[in-house]
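Below: the structure, in structure tokens.
Just so you know, all these numbers are worked out from the coordinates, no wet-lab data involved. Predicted, not measured: the structure shown is a model, and the values here were computed from it. Because the Cβ atoms are built from the backbone with ideal geometry, glycine has one as well, and the counts that use them run over all protein chains shown.
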């Protein structure tokens with residue numbers, strides 16, 4: 001039988017997984033994340049891949065950063081985004097493998 005601390009830890013892990021999946025469940029956010037599986041991209045590259053406006057894309061990127069899925073770095077006047085953790089990368093690789101959805105060509 002699991003102890004109360006084990007139950008709490010398990011609940012936290014389930015909540016973390018659910019929040020990650022909720023964030024990825026939006027088509028535009030999933031498209032961005034799939035594009036980042038192989039390498040980091042700047043905002044202009046992500047706009048071309050997703051077909052989103054800069055303001056719309058910025059909202060999605062902010063949401064994914066706040067949920068801990070993305071990191072960013074600034075180089076001169078460009079911001080580059082990449083997948084923050086191995087767990088998220090593994091989920092995306094599994095989705096690509098199962099559904100055959102490689103990133104959209106640039």
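Annotations
- Each principal axis of the Cα atoms in segment 53-106 has its own extent, and those three values, largest first, are 36, 24, 20 angstrom.
- Förster-model FRET efficiency, 22 Å R0, residue 73 and residue 37, C-beta, rounded to 0.05: 0.80
- Per residue, the chain reaches -19500 deg cm²/dmol at 222 nm when only DSSP H runs of four or more residues are counted, each adding -39500 (n - 2.57).
- Reference-scaled alpha-carbon Rg (2.2 N^0.38 Å with N residues) for the chain: 1.19
- On the beta carbon distance between residue 6 and residue 98, with R0 = 35 Å, the FRET formula returns roughly 0.70.
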